[in-house]
Each structure stands twice: as structure tokens, then as C-alpha cells.
Amino acid sequence: MMTTGTKQPTSPESSLVSIRTDELAALVEGQLVGNPHLILSTLAPIEDGNPGSLTFIRSKNFASLWASSSCSAALVTQGVEVPGHDPETRALIFVPDADIAVIKILKAIKPQTAAPNIGIHPCATVHPDAQVHPQASVGPGCVVCQGSLIASGVVLTANVYVGQNAQIGQDTFLHPGVVLGDRCTIGNRGLIFANCVIGADGFGFLIATPDRPVTKVPQIGTVEIGDDVEIGACSTIDRAKFGVTRIGHRTKIDNQVHIAHNCIVGDDVLLCGRTTLGGSSTIGNRTMIGGAVVLNDQATVGKDVKIAGGAIVLDEIHDGETVLGVPAMPARTALANAAASRNLAKFCRRVDKALKKLDPDYKPS
Amino acid sequence: MMTTGTKQPTSPESSLVSIRTDELAALVEGQLVGNPHLILSTLAPIEDGNPGSLTFIRSKNFASLWASSSCSAALVTQGVEVPGHDPETRALIFVPDADIAVIKILKAIKPQTAAPNIGIHPCATVHPDAQVHPQASVGPGCVVCQGSLIASGVVLTANVYVGQNAQIGQDTFLHPGVVLGDRCTIGNRGLIFANCVIGADGFGFLIATPDRPVTKVPQIGTVEIGDDVEIGACSTIDRAKFGVTRIGHRTKIDNQVHIAHNCIVGDDVLLCGRTTLGGSSTIGNRTMIGGAVVLNDQATVGKDVKIAGGAIVLDEIHDGETVLGVPAMPARTALANAAASRNLAKFCRRVDKALKKLDPDYKPS
Amino acid sequence: MMTTGTKQPTSPESSLVSIRTDELAALVEGQLVGNPHLILSTLAPIEDGNPGSLTFIRSKNFASLWASSSCSAALVTQGVEVPGHDPETRALIFVPDADIAVIKILKAIKPQTAAPNIGIHPCATVHPDAQVHPQASVGPGCVVCQGSLIASGVVLTANVYVGQNAQIGQDTFLHPGVVLGDRCTIGNRGLIFANCVIGADGFGFLIATPDRPVTKVPQIGTVEIGDDVEIGACSTIDRAKFGVTRIGHRTKIDNQVHIAHNCIVGDDVLLCGRTTLGGSSTIGNRTMIGGAVVLNDQATVGKDVKIAGGAIVLDEIHDGETVLGVPAMPARTALANAAASRNLAKFCRRVDKALKKLDPDYKPS
């Protein structure tokens, strides 16, 4: 995870409450091969750990680093062979899936996120016609407008704004400064990070003509966000011109992503940091999009698509494709073009020279 | 607007209060051709509507979809011919400009944005030396500092911060979490979306030398925003080093746009989502800039320019030009280069092969 | 700084309190050559000023504009010759470094940023188990959670959120709407602009498999920010998966920058507007990165590197390199490729034609 090339001091370890290797094997229901009495107190990448560190081995590549690692123990995906293991001094714990076992441990040791008490904080402003479930938490500085509906288990940490007739489903957690616009809705078990804005107006104008200036098109639609959605800090999702901007179930959106009016994003989609979706663009289920990608207005991206970071999508990407580049094109073509492009100046000089040799009348430029 | 290729469920319609086709024709002062008694209750794109939907036809392209559309009625720009119309069962309403007529309808049916009552909310903090007009609304959690001036009809919804000696003109609406820095000003009838930050320091430093570390240049200038300006959520406009960062009248700025110190943006400019203006760059009147565009520091873009999304402008774009690409260049050249670039690897292989055939000494790479 | 080509009205001057040239020379401890009695009341770029304006001359280029400038006085870096100076009517003040002298003046005339009084504002919410130094200022709408530590001289202007067990060092200033997550820390003398979010969860998920949906990896790490760090408005720095996301001392970060989980950024680094660092990427000391740059996940950028705006870094940049382009490559190669790329369509046509002439069997496409 860290590299040593640049020599910055790093401290990639994270404290665990101390746990013994045999206790850990029991916790993750794994098979212990090695010393059951080692005390583990940190979690670390395999190349950075120290005695007392627990790491994980999900593939042959990671396994090959075990012999030289200083970590005391590793969670290993069953079926991966780990050469150079000394069961006297270290411990391997075999589990069906090391990644899932790590998640189990991280969940067990994760400190709880700060949250206000259940009920309405005296410094919150809740409209008498809003419905706030008695099991919801509305923190200081929060504003909940008329007609809005806050379900059981919802947490509005602090300085959160919930517009008129907006709705938030059960157990959804809104970090400080989130703004949910009028009539927009978020489903159950959502996680919305700080200063995210849902439901600003779409950017819709009639462009200026000699007869009239730029003219705003009223944006009367809404935003609907499914269940189990995560949205990053300072991301923005605009309301539809009319109709709905929709984010599907279980979709995860990173920080500073911008989703314009009338976009339809499917279920189980991943959108990495600073990606931008132009107006009325659509994304199918299970598609994964890297960072800083741009989708043109009305672009249609199918399901099970993979788009590499930095790509610009002009129009359509079909189901199951893997694309990259500007404009986005199938990976094989894009990589070949990128390689050619990296040597372009050299290639041009060589070709001009060769043609000049063959044809004295050829004019290089 | 929506496509059916990816099979996501869509609901692009928007509720209207029910209105009869003859009433609608009267409302927009249009000429009704067809059934006057149809009840319209939704607004929808021509390819997505249902019986009861109103749509609009601004061009031949839209008109060609009318015969197969399920919509009951359409607003049509006069002069556009609409084939396949059955005046018994459906209705066309001809108006000088269908887009303008739609705006008239959207305005009529748009629910009002939630806003605090006129006056100062008890949970707001207003400095005694600030001047807040009695017809302004200052919502809960807002902070208005010393010497600032809030004109009549201004709405500060909630958790808005107005710095020292800042000014906001008549009928300007600030959504939650907006921050207006000290001494910055916004004109009349502005619309500023949530968590937008106006007046952070410009990014100005003397770079490190062997003798001293990176050194901050104090940023003592301000930001001046004209009348009728719209600025999107989480956009940032920095104050000038000294002097002014200026946004002209009627200019519209989308979400997550970044405008650096000392930029001068003209009147009637459109800046789409996530565009970045480097320090001291300038943009002339009526210029339109697509999404995720980057202007280099000191770039000068003329008036009536069009810049396509994703472009990088290095230095100067002249009045009236249409440009795109990295770096931005005239559209015709850019498109030709882009086409060539898309086949580059293939082209290089072909040329290398042809030259090798002609000249056995040619070395492809 | 401004250009006149696009004819926008500009007002690049900034008011000074009026000062006489001899007083100014004394203030900056410079050597006055010229009229000691001129009154200076504005600060302006050399090409934009008026009588009464002070400007600065740091190089031969600026010096060549002095003869035609309307400014009354200039701060000049010693050793720069200034042709066309009339010491009767104007004044030059020689100093070791004109840039540093300007900073001295800007500091002297900069109006103080609005800040709440020392102590805890009655509209703030501070947990009884938080430690707020009596010399700190906690403004209206701020929320300070349990176990957090606010040092002497810290200013939380308004609506700032400080999570559980978070720490803020001496004299650090947080503008409105900043969110500092649980257990994250900021060093001394920091300056954090409005709506910046430090400590949102890293974007870490196990991708969906046929057996299970996308699964969140709990993000239990933190963010550690060094001393004398500046971070721009709406920037986001995510907490580590485990371990730490670290920003070194004296590093300056512009607006809307996104720094993902587990990044390690060195000391004295400059990151310009809208740059994105992918997860676990690292940057060495004194490196300068332009605007809208993207670092891939795990990219490693050495120390003393310069990366031009708009570049995409795929993997590694070595110490001291200057790179640009997509992907980022050494400047000389990148510029040659960019030049070739700008004429690509023309080149392809020319080569196809020449080959066709030499070989009638050649098929251009």
C-alpha cells in the first residue's frame, strides 16, 4: 500500500485491541496453522507490518511476501499456498475469504461514529408539520422543513438541512452539512457524507438569442435515492427538470462526484471520485466507473461495464464492455493507441525521413 | 431523454395539476389543433409519455416521433410540421416557441422552494452592526457578520454565513450552507445553491527557495457577482489577490465549478459542471463552456466562444470561435485529429509495413 | 494580469491606506530612488495602474513596462535595471526581493478576517468532555464532540463540526462549514477554508460477486494534517482504511482537491485546484502539482517533482522530474508528442498520399 521509494515516514498500521491468535481464529471461524499464543495488536499491509501485526493473504502474490514479512499472523483465503511458513513462530488462519474475514474484524474493532442522542436536539429546528420518528436522532443545527418524513433510526448529525416534503428511510445516516432538497428522497440504510448536496436545480437554460437573454428552465423534478446507497463528501446530485433523477439500490458514490439532472443510475453501481455525469445520462446495473470520468449529456452506459479513470464517454457503451481513453473506446484499441501516441513525435520524424529518402519530392511539413 | 437499452425502470413523468387541452391553449395563448377536452396530468418527453401526458415539439426530429408517441398533447413551435396527427383523439397546441411555452407551464406548476419566514429566525446570529432589511428572511443557523448589508427580499435559508462588510442584493436566494466571505458582494435576483463558497483566499504562494519555505501571499481582494447570476452547489469562487474576481450579469454557473482568484467572467456566460478557471483567466460575454473544462492560469477566452466539454485551454481563444480538445483548438481541426487519433495504432502499423516493403533498410522501431 | 483583448471592464486595483513614498521605503527598509512625497493609495499590476498606484518589478520583463506604466511607484528587486525612470515624478524602492516586500505590505493592509470572540458562543454545542482552551474561539453553530481537543488560539468561525476525539493545534483557523471527522487531527497554524471535509470514509468496497452484493470495507483509520497547512474550500481528505492518511508540514492545498484514503503527501507540497489523488498514492516533499491532475491509485510521485495541470499519473514519477500529459511523461517528450498530435490528421493525409504515390498497391484505409 505504501512504497518506500519516496522515503516519507509512514505509519500504515492500525491498532487492534490485543487479541491472541487462537481467539482470532475462533472469532473468524478459521483454521489455525501455527502458534496459537501470539498476541496481535495491529493490522497492517503484508510488506509494512511488525511483530504483533495481523495481515491478510488473498492471492499468490501476497503469499510470496509472507516469508520475508515481519507480521506475526495472516488471514489466508483457503486454497492459496503460502511458502516459507514457520508454524512455531508465526500463525496462518485459513478462512473461505480473507477479505471478508478482515471486514469482520474491522467491523468488530471500528469505533462507533459520533452521533447525537436519539430525539431532537434543542438547537435543531423542526417544523411542527414534519414527521420525525421518536427513534430518530436530529442533532444540533439541523433544520427539518414542513411535510418531511424522518424514519426510525435515522441520524442527522449536525447542521443537516432536510427540505420540504423530503423523506429519509430507516437507519440512514447523514453526516454534518448535508443538504437534501425539497421533495427528494433517500431510502433505507443510506450513508451520506458531509456537505453532500442532493436536489439542487438541474443546469437547464434556454441559451440567449438576439431577442432574449439566457432563460432559466424551471426544474420541478426530484431526486430518488435507493436503499443501501453511500454518497461521498461534497458530491452533488441535481433534481430532474421534470420527472426524477434516480440512484439505484446499493450504488456507491465517492467524493466530489457530480450527477446532473435526469440521470438514471442503476443498482450496484460504483462511481469513483470526481466523476461527472452529464444531464440525462444513464448507467446500467453493476457498472464500475473510475475516478474523474466524464459522461456526456445523454450518454448511455450499459450494465456490467467497466470504465477506467479519466475516460470521457461521448455517447454509448454497450453491456459488458471495458473501455478507457478520450473518447472512451474498447480497452485493447485504447491501449494500442495510447502506446502509439506515446511515441508519436519519434514515429513522425522516422516516417518523414524514410519518405524523403524514397521520394526526394516529399515535403515533410 | 431516457433510453430503453439498459432496461432500468424509469419514471420520467412529472405531475401536473390536471388541466384540459382547451384551458392549456388559453394559458399559453396558443392555437389548438385537435381535441379540446383531453385531460392532461403529466409532463413527459415525447418518447416516454402516456395518455394524459403533455409533451413538446421544437423541431422536425421531435415531430417525427409524434405519430408513435403515447402522449395526448404537444406544444409545437409554429412552422414545424407534425405528420400523423389525429385531431379527434389528440391535441397539438401551436405557439411561437414551444420551449418558452413549456417554461411558462413549468413556472405555473413549480412548487415554491421552502424558505424561512420574513425576519430573523431566533436561531440566527446577526451582528448588531449588520443591516438586514425588514423584508429579508434570515433562517435558522445563519450568521451575518458586522457591517454586512442584506437587501429587501433576500432569503438566507439556513446555516448560511455572510462575512464582514459583505453585501447581498435584492431578492437574492441563498440555499443552505452557502458561505460568502468578508467584503464580497452578490447582486440582485441571484440564486446560489447549497454549500457554494464565495470568497475563499486565492491560491497564491511564493514557492520555496533554499532560503525560505513556501510563503503565503496575503489575498486582500474581493469577489463581485453581478445581477441575475446563478451558481451551483459546492462551486467555489476565490477572492482576488488584490482587486476583484468578477462574475458578470446573467451568468450561470453549474455545480462544482472552481473559479480562481482574479478571474474576470463576462455577462451571459454559461459554465457547465466541474469546469475550472485558473487564476486571472478571463471570459468574454455570451461564451458557453461545457463540463470539466480547464482554463490555464491567465488564459483569455473571447466573447461568443463555445468550448466543448473536457477541453483544456492553454492560452487564448478568439471571439466567436468554437473549440474542443486537449489543448483546445478549432473544432474542425480537433475533430479531424481525434478521428486520426482513434485509428493511430492501426495507421502506424500500416505505414511501418508499407515503408518496410519499399525500403528493406527501414527500421519500424 | 488582466488582458484588454476581450474588453471586459476590469478593476484590478486594490485600496491601500494612503502612504507616502518615503514612509513606504521605511516600512519595507528599502532604498528610495525618486520622489519621496508621492501619495500611494492603490496597489496594481504594472500595466493596469494609475497615478497613485504602487506596483512591483521582479524581473527584466516587468522593468521594461515601467517607462509606459501610469503607476507612481514600484518596489524593485535589487539588481534589476529599470530603464526610463524619471526620479522627479516617480519613485522606485529597491529591496532584496520585491515579492517579499509586497507580502509585507499586503500583510500590513490586509483587513482582519471576521472571527467570533474568544470563548464559546452561546449558539455552539460543545460536549462537556471536550477540551476547549480558554483562548480558543468557538463560533455560532459549531459542534465539538466528546473527547476532542481544541488548542489555544484556534478559531472555529461558524457551523464547524469537530468529531469525537479529534484534535486541532494552536492558532489553526477553520472557516464556516468545515467538517473534521472523528479521531482526525490538524496541526498548528493551519488554515482550512469553508465546507472542506476531512475524514469522510475512504471509498473501499469488495466488488459484487455472484454470491454477494458490493460490500463495504469499514474504514477505521484517520487523517493527520501537519503544521502550517492550508486547505481550500470544498476539498475532501478521506480517512485511511486502517492506519493514516497524512498531509505533511507546510503543504498547501487548493479548492476542490480530493485526496483519497491512505495517501501520504510530503512536506512543502503544492496541490492546485481540483487535483485528485487516488487511494494510497504518495507524493514526496516540495513537489508541485498543477490543477485538475489525476493520480492513479497507488501512484508514487517523488520529491521535487513538477506536474503540469491536466496530467494523469499512472504509476511512478521519479524525484526531480518535470512531467505533463496523459499519461504524464517527461516534459520534452510530452511537448514533442503534443505538437505532433496537433497536426496528426494533416500528417496522416500527407503520409497516405506519399505512400500511395510510391506504391500503387498501398491502401490508405
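Just so you know, all these numbers are worked out from the coordinates, no wet-lab data involved. Values in this document were obtained by computation on a predicted structure and should not be read as measured data. So basically every Cβ, Gly included, is an ideal-geometry build from the backbone, and we count neighbours across all protein chains shown.
Data table
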| item | result |
| --- | --- |
| Footprinting exposure proxy for A:V229, B:V162, B:V138, B:V80 (fewest neighbouring C-beta atoms within 10 Å first) | B:V80, A:V229, B:V138, B:V162 |
| Segments B:31-39, B:317-325 sorted - mean Cβ within 10 Å per residue, highest first | B:317-325, B:31-39 |
| Ascending count of other beta-carbon atoms within 10 Å, so fewest first, for A:H133, B:H261 | A:H133, B:H261 |
| Computed over chain A, Kirkwood Rh from alpha-carbon pairs, angstrom | 24.3 Å |
| Percent of alpha-carbon pairs separated by more than 24 Å within region B:213-365 | 43 percent |
| Residues whose placed amide H lies under 5 Å from that of C:T172, excluding near-sequence neighbours | C:V154, C:V155, C:R189, C:G190 |
| Unit charges at the beta carbon, dipole of chain C: most positive-side option, C:V293, C:Q219, C:I120 | C:V293 |
| Exam field: B:G79 pseudo-label spacings to other copies (7 Å along Cα-Cβ), nanometres | 6.7, 6.7 |
| Inter-copy separations for A:H37, label at 7 Å along Cα-Cβ, nm, ascending | 9.5, 9.5 |
| Dipole of the protein assembly as shown, positive end: most advanced residue of B:L324, C:F242, B:I192 [Cβ charges, Cα centre] | B:L324 |
| Rg/Rg_ref, region C:14-109, where Rg_ref = 2.2 N^0.38 Å and atoms are Cα | 0.91 |
| Beta bridges by DSSP in chain B, antiparallel share as percent, to the nearest 5 | 15 percent |
| Per-residue ³J(HN,Hα) for region A:330-338, Karplus 6.51 cos²θ - 1.76 cosθ + 1.60, θ = phi - 60°, Hz, x for Gly and Pro | x, 3, 4, 5, 4, 5, 4, 5, 4 |
| Relative contact order (percent, whole number), region C:14-109, Cα cutoff 8 Å, 6+ residue spacing | 28 percent |
| Taking chain B and dividing mean pair separation by its residue count, relative contact order in percent (alpha carbons under 8 Å, at least six apart) | 6 percent |
| Counting all C-alpha pairs of region A:314-363, share separated by more than 12 Å (%) | 70 percent |
| Entries in B:K252/C:K60; C:K104/C:K306; A:K306/B:K346 that, when Cα-Cα distance is taken, lie over 32 Å | B:K252/C:K60 |
| In Hz, Karplus ³J(HN,Hα) per residue of region A:170-187 (6.51, -1.76, 1.60; θ = phi - 60°; x = Gly, Pro) | 3, 6, 7, 10, 10, 6, x, x, 5, 10, 10, x, 3, 6, 7, 9, 10, x |
| Coordinate range along principal axes, alpha carbons of region B:53-164, Å, largest first | 67, 21, 20 |
| Surface/4 estimate of mean projected area, convex hull on alpha-carbon atoms of region B:119-332, nm² | 12.0 nm² |
| MRE, 222 nm, helices only [DSSP H, n ≥ 4, -39500 (n - 2.57), over chain A, to nearest 500] | -4000 deg cm²/dmol |
| Cα-centred dipole magnitude for region A:40-155, charges only on beta-carbon of K, R (+1) and D, E (-1), debye, nearest 20 | 180 debye |
| Hz values of 3J(HN,Hα) by residue in region A:349-365 - Karplus curve (6.51, -1.76, 1.60), Gly and Pro given as x | 4, 5, 5, 4, 5, 4, 5, 4, 5, 6, 9, x, 7, 5, 10, x, 6 |
| Bridge type composition, region C:119-332 - antiparallel percent by DSSP, nearest 5 | 5 percent |
| Inter-chain shielding of B:128-140 (mean C-beta neighbours from other protein chains, 10 Å cut-off) | 1 |
| Debye, to nearest 20: dipole size of the protein assembly as shown, +1 on Lys, Arg Cβ, -1 on Asp, Glu Cβ | 2740 debye |
| Normalised contact order of region A:50-198, rounded percent, pairs of Cα under 8 Å and 6 or more residues apart | 13 percent |
| Label distances, nm, C:K357 versus same residue in remaining copies, Cβ-directed 7 Å point | 1.9, 1.9 |
| Other-chain or far-sequence residues with amide H under 5 Å of A:R20's (modelled H) | A:L40 |
| Relative exposure of B:R212, A:R189, judged by other C-beta atoms within 10 Å (fewest first) | B:R212, A:R189 |
| Neighbour cut-off at most 16 other Cβ (10 Å), DSSP loop, chymotrypsin sites (Phe, Trp or Tyr not before Pro), region C:161-261 | none |
| Fraction of the pair-distance distribution of the protein assembly as shown above 62 Å, Cα-Cα pairs, percent | 10 percent |
